[in-house]
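Each remark here refers to the structure printed beneath this line.
The values are calculated or read from the model by the stated rules, or taken from the named source; none is laboratory data. Here the structure is a predicted model, which means the values were calculated and not measured. Cβ sites come from the backbone with ideal geometry, for glycine too, and all protein chains shown count toward neighbours. With ligands, DNA and RNA removed, areas are computed over all heavy atoms of the protein, side chains included. Shrake-Rupley method; radii C 1.70, N 1.55, O 1.52, S 1.80 Å.
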Amino acid sequence: MEPPPQEAGTRRKAGLTADQLKAKGNQAFKDKDYDAAIDFFTRAIKLDPNNHIFFSNRSAAYVAKTLEKDDKDMLKVAKLAILDAKKCVALERKWAKGYVRWATALMVEHDFVAAVKYESIFDK
């Protein structure tokens, strides 16, 4: 007995490129669907784990999620944002937005001293 044929949409979703997933994540972020954005960026990272922008975007989505009033796991999500920002910076040290993501996530954690440290590196 043959398995039922997959729907065209299912095969297409499975075959999205990392850049297509990033585009979908960006749209979900604009639509304030942060969980979907995080999922799309996570899938993009699985396809291209060396792309600093994917980590930056997912960090931003985590931070945005913490700003939702009903998020009970705010500090846990903030830590995920920090980890992604650190990975972004590790992949691309000269990309300023990675440091901004890091500082922003630190501010969500109320670690203002550390956040100022990362924002002040641009004053040098």
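Taking loop as defined by DSSP and a crowding limit of 13 other beta carbons within 10 Å, which trypsin sites (Lys or Arg not before Pro) in the range 14-71 fit? Present the calculation step by step, with values, prior to reporting the outcome.
Details: sites: Lys22, Lys24, Lys30, Lys32, Arg43, Lys46, Arg58, Lys65, Lys69; in loops: Lys32, Lys69.
The qualifying sites are Lys32, Lys69.
Per-residue accessible area for Ile45 at 1.4 Å probe radius, Å² rounded to 10?
20
If you rank Leu67, Leu16 by how much accessible surface each has, with a 1.4 Å probe, what is the order from largest down?
Leu67, Leu16
If ligands, DNA and RNA are left out, what is the accessible area of Asp84 with a 1.4 Å probe, given in Å² to the nearest 10?
The value for Asp84 is about 10 Å².
Rolling a 1.4 angstrom probe over the protein chains, ignoring ligands and nucleic acids, what is the accessible area of Asp35 in square angstrom, nearest 10?
Number for this one is 90 Å².
Given a cut-off of 22 Å, name the pairs among Lys22/Lys86; Lys30/Lys94; Lys65/Lys87; Lys24/Lys94 whose C-alpha atoms lie farther apart than that in the structure shown.
Working: Lys22/Lys86 19 Å; Lys30/Lys94 26 Å; Lys65/Lys87 19 Å; Lys24/Lys94 26 Å.
Listed pairs above 22 Å: Lys30/Lys94; Lys24/Lys94.
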